[in-house]
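Derivation of every value follows stated rules applied to the coordinates shown; laboratory data play no part. Just so it is clear, the model here is predicted, and its values are computed rather than measured. Quick reminder, even Gly has a Cβ in these numbers, built from the backbone with ideal geometry, and neighbours come from all protein chains shown.
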Amino acid sequence: MKYYLGIDGGGTRTTAAVSDENSNIITKAVGKTINFYAVGMENSRKNLAEIIGKLDIAAFEAAFIGCSALDNEADPETINALCGGIINANRIAMNSDVYVALKSAKGNCVAVCGTGSMAVGEKADGSIAVKGGWGHIIGDEGSAYSIAVNALKKCCVLCDKNTNAPLLKAAESYFEVDGFRKAIDVIYSDETSKDYIAGFASKVGSLAESGCEISKEIIASEARAYAQTVITLIKELESCDVLSLYGGVFQHNTMFRAAFEAEILKVFPDIKTEILDIPPEEGALIAARELK
């Protein structure tokens, strides 16, 4: 029996799936991120090894890894640096996590908003166009991390003004501090991960849904900014009937999704948007079976 391995390595977690030669899903496993820019190559390899160990399959005919540290096809050196000695496969390839989401999509364009953000589409000639994905330091508008950081910046202003605002109280509760200034020690700690900070975005979303005007504006602003990135991609593709959406921000923040879709429809009124219904790890399996 030949086995195929597909991996979706997002900014917070990694999901692996195994299928047989008849495309039947045999098993899946979930673990921590393999984004080597976020957690370093050593930790990424450790996390990958733990996930592969859960699958309990020794060898694969082919493996395809979508990794949020990438925005295009990985070179052999990068593949070996992450997978060498961990994944035993006759053929291995790596690309972005958004690329494997595209393999799962009904249409030719996918927008992903999770811990990070990125958009990718396939042109008529088969080439791949990528927008966003600049990482949390210089980009990733619309992502959970960007929403959280901009909310925390607003908290700094509110704190300096001695304002007892709901957003400020939510931040104190989330970071478990008595007074927002004490959150500095938590936020800047080496032990505080990017995905933990990004997790504050869910609190901002909840506040926005409950009517907090400051939170509503943060969500709307991030949605508009990310929509412009995706609009640029769609224009480059020239044709896109279905825009697939994936990631925690789209799936759990209805206000963000509504604001994003409204911005897209202003420019492309006939486009259909829908949440990706086939998970990206299964898109990675499709890519694995296509490897020659």
Quiz item: From the phi of every residue in the range 201-215, what ³J(HN,Hα) in whole Hz does the Karplus formula 6.51 cos²θ - 1.76 cosθ + 1.60 yield, where θ is phi - 60° and glycine or proline is x?
Solution: 4, 5, 5, 5, x, 5, 5, 4, 5, 8, x, 5, 5, 5, 5
Quiz item: Label residue 54 and residue 80 with points 7 Å out from Cα along Cα→Cβ: what is the distance between them in nm?
Solution: 2.9 nm
Quiz prompt | Relative contact order of the chain, defined on C-alpha pairs under 8 angstrom at six or more residues apart (%) | solution = 22 percent
Exercise. Count charges around residue 35 for me, please; just the other residues with Cβ under 14 Å from its Cβ, Lys/Arg as +1, Asp/Glu as -1.
Key: -1
Quiz item: residue 134 versus residue 210, label points 7 Å from Cα toward the beta carbon: distance in nm?
Solution: 3.3 nm
Self-check item: Contact order normalised by residue count of the range 144-275, Cα under 8 Å, 6+ apart, percent
Solution: 25 percent
Self-check item: Distant-in-sequence amide H partners of residue 33 (H built 1.01 Å from N, under 5 Å)
Solution: 14
Quiz prompt | Projected label distance in nm at residue 184 and residue 217, using a 7 Å step from Cα toward the beta-carbon | solution = 2.5 nm
Self-check item: aspartates and glutamates with Cα under 17 Å of residue 272, excluding same-chain neighbours fewer than 8 positions away
Solution: 122, 238, 241, 261, 263
Exercise. Give me the distance between the Cα centres of the range 89-113 and the range 195-216, rounded to whole Å.
Key: 29 Å
Self-check item: Mean shadow area of the range 36-95, taken as a quarter of the surface of its Cα convex hull (nm²)
Solution: 3.8 nm²
Quiz item: Within straight cross-link reach of residue 46, meaning Cα distance under 21 Å, which lysines are found once same-chain residues fewer than 8 apart are removed?
Solution: 28, 32, 54, 194
Exercise. Read phi for every residue in the range 98-113 and hand back ³J(HN,Hα) as whole Hz from Karplus 6.51 cos²θ - 1.76 cosθ + 1.60, θ = phi - 60°, with x for Gly and Pro.
Key: 6, 4, 6, 5, 4, 5, 8, 7, 6, x, 10, 8, 10, 10, 10, 10
Exercise. Quick one: pull the percentage of alpha-carbon pairs in the chain with a separation above 31 Å.
Key: 31 percent
Practice problem: Scan the chain and hand back the longest stretch that contains none of the GluC sites (Glu not before Pro) lying in DSSP loops with at most 16 other Cβ atoms within 10 Å. | Solution: 74-175
Quiz prompt | Hydrodynamic radius of the range 144-275 per Kirkwood, over alpha carbon pairs, in Å | solution = 15.9 Å
Quiz item: Can you work out D for the range 139-195 in µm² s⁻¹ from Stokes-Einstein, where Rh is the Kirkwood radius over C-alpha pairs, the temperature is 20 °C and the viscosity is 1.002 mPa s?
Solution: 181 µm²/s
Practice problem: Could you pull out every one of the lysines with an alpha carbon less than 19 Å from that of residue 131, ignoring same-chain neighbours closer than 8 positions? | Solution: 103, 123, 235
Quiz prompt | Potential extension, residue 43-residue 2 segment - 0.36 nm per residue separation minus Cα distance | solution = 11.8 nm
